[in-house]
1. Modelled label-to-label distance, B:Glu74 and A:Ser160, 7 Å Cα→beta-carbon offset: nm?
2. Among the aspartates and glutamates, select those whose C-alpha is under 19 Å from the C-alpha of A:Lys75, and discard any that sit fewer than 8 residues away in the same chain.
3. Placing a label point 7 Å from Cα toward Cβ, how far apart in nm is B:Val214 from its equivalents in the other copies, listed shortest first to one decimal?
4. Please list the non-local residues whose amide H lies under 5 Å from the amide H of A:Gln58, H modeled 1.01 Å from N, same-chain partners needing a gap of 5 or more.
5. Tabulate in residue order the Karplus-calculated ³J(HN,Hα) for the range B:210-225, using 6.51 cos²θ - 1.76 cosθ + 1.60 with θ = phi - 60°, rounded to whole Hz; enter x for Gly and Pro.
6. For the protein assembly as shown, what does the helix formula give at 222 nm: sum of -39500 (n - 2.57) over DSSP H segments with n ≥ 4, over the residue count, nearest 500 deg cm²/dmol?
7. Going through the range A:128-176, which chymotrypsin sites (Phe, Trp or Tyr not before Pro) have at most 13 other Cβ atoms within 10 Å and a DSSP loop state?
8. Loop-only chymotrypsin sites (Phe, Trp or Tyr not before Pro) in the range B:179-275, please: DSSP not H, G, I, E or B, and at most 13 other Cβ atoms within 10 Å.
Number of protein chains: 2
Amino acid sequence: MKNLLGNGTLMNSYTMAEDKPLILVTNDDGITSKGIRTLVNVMKQIGDVLVVAPDSPQSGMGHAITVGETLRLEKNHIFEGITAFECSGTPADCVKMARHFVLKDQRQPDVVVSGINHGSNTSISVLYSGTMSAAIEGAIEGTPSIGFSLCDYSHDADFSHVEFYVRSITQQVLRKSLPKGVALNVNFPPKRNESIKGIRICRQANAKWVEEFVQRYDPNGRSYFWMTGNFVNFDKGEDNDEWAIANNYISVVPCQFDLTAHQAIRTINEDWEIL
Amino acid sequence: MKNLLGNGTLMNSYTMAEDKPLILVTNDDGITSKGIRTLVNVMKQIGDVLVVAPDSPQSGMGHAITVGETLRLEKNHIFEGITAFECSGTPADCVKMARHFVLKDQRQPDVVVSGINHGSNTSISVLYSGTMSAAIEGAIEGTPSIGFSLCDYSHDADFSHVEFYVRSITQQVLRKSLPKGVALNVNFPPKRNESIKGIRICRQANAKWVEEFVQRYDPNGRSYFWMTGNFVNFDKGEDNDEWAIANNYISVVPCQFDLTAHQAIRTINEDWEIL
């Protein structure tokens with residue numbers, strides 16, 4: 001991984017041990033967040049770490065990418081001994097830039113890890129999640145990928161109870177890989193008095209947000225809105241991520257990027273009169 | 001649909017005929033694009049139209065939503081006789097605001113239509129597509145929803161050959177509804193000498209973008225990047241959207257928002273040593 005970038009300003013001379021896995025770290029809360037710092041610290045124990053993360057918070061960015069606008073990428077020195085870049089784009093942009101610009105023709109990551117997100121990405125939130133879009137982007141590239149989220153939104157959330165699991169899940173994925181086209185959506189319960197009970201491999205719960213728009217007026221009398229909302233869980237099952245978190249388990253949902261509702265193809269073919 | 005919005009500035013007195021379907025129109029190219037104008041003109045023939053669309057282009061926004069920032073919503077008068085709002089947010093925001101603010105406790109849309117996008121949203125592009133995120137947001141709300149895209153990126157694309165199909169597909173969806181949790185990703189071939197051959201209900205092709213980052217320098221000598229890329233189709237099948245478009249068919253892919261790779265749950269449960 002010599003000469004990481006082909007220009008004088010960004011060139012670096014970081015040399016990687018060949019026998020250690022290469023781990024690409026990104027997130028959606030931005031490169032200065034506590035969650036990514038925790039993730040980097042854990043990953044340093046497992047392999048060689050490359051960070052390409054947003055230079056500012058990108059929560060709720062879903063699978064947005066930057067088209068029709070330019071991107072910035074700068075070296076960042078906040079992680080001691082770690083090669084890191086901050087990118088002006090979205091989490092998905094970060095994975096693309098790491099793959100196709102920073103590493104380009106060099107060795108590609110053995111695993112992409114994203115997070116640790118400050119806040120839940122269970123059930124329907126997977127669609128809105130920048131954390132998970134980075135992991136899914138990794139899976140599209142054919143790299144085993146994991147999005148980690150802690151169900152605690154606070155800026156100064158306590159990640160100490162999940163470090164062990166972040167490490168063991170990543171090591172497990174490095175050892176066993178993942179089915180093709182699958183990224184893991186891993187959510188951790190917030191720190192509670194009781195210890196975490198274990199890991200549940202489960203499905204995305206049937207739940208959604210019911211939004212409310214709070215209308216206010218700016219000093220010029222023009223209205224603006226804050227989107228708020230309530231999370232509503234319709235799911236009565238015990239095999240889903242909401243149940244797991246509520247019961248102090250870690251939820252692991254294998255996610256795919258083929259959105260086709262395969263069973264609906266036949267239904268529509270039989271049903272429609274205009275084919 | 002009287003008193004659409006509860007404040008003096010935005011209040012309107014549009015009255016809807018009860019026997020006509022209510023159609024929510026949005027897009028990701030922005031409210032002034034030719035594609036949404038075409039869509040509004042077709043939908044006027046079918047039912048009552050409400051437009052809530054982005055005030056500026058939002059291509060590539062994926063399923064982004066606006067959190068931690070404010071939103072604007074203003075009445076817009078560019079469509080004669082049509083109630084329309086422009087929103088500063090993403091396509092998904094537009095559907096949420098239409099549902100939970102503009103219509104709130106009133107009658108909800110019978111169908112959500114998004115587009116017509118200037119450019120393809122076949123295969124993997126469904127993930128990056130603002131057009132489709134609006135349709136999927138409609139499906140999350142339980143409303144039959146359709147994203148329409150024309151495989152022609154030009155600002156002044158010719159939509160004349162697809163108007164008939166936009167109308168008939170929407171009417172078909174209104175008559176037959178859609179399976180629960182399914183939104184349609186409809187892509188049209190660009191205008192060619194040969195007429196469109198028909199409609200194929202199909203799956204998302206296995207294809208992806210291979211990005212390239214073009215590096216330039218601003219007048220201050222600081223580098224910036226343009227993301228470009230090549231689309232690579234790995235799919236040899238004939239039952240997918242890429243095949244359909246290449247062969248001058250309309251592709252209709254039923255899409256779901258449950259990302260769970262259900263078959264992988266068992267694999268991982270059997271495979272992992274840390275459960």
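Nothing in this text is a laboratory measurement; each read-out follows from the coordinates by a stated rule. Quick caveat, the model's predicted, so the values are computed rather than measured. A quick note on method: Cβ atoms are made from the backbone with ideal geometry, for glycine too, and the neighbour counts reach across all protein chains shown.
1. Result: 5.2 nm between the two label points.
2. In chain and number order, the partners are A:Asp28, A:Asp29, A:Asp48, A:Asp55, A:Glu86, A:Asp93, B:Asp218.
3. 4.4
4. Amide H neighbours of A:Gln58: A:Asp29, A:Gly30.
5. 10, 7, 10, 10, 8, 9, 10, 10, 7, x, 8, x, 8, 7, 9, 9
6. -6500 deg cm²/dmol
7. Here the sparse-neighbourhood loop sites are A:Tyr153.
8. Qualifying residues, ordered by number: B:Phe234.
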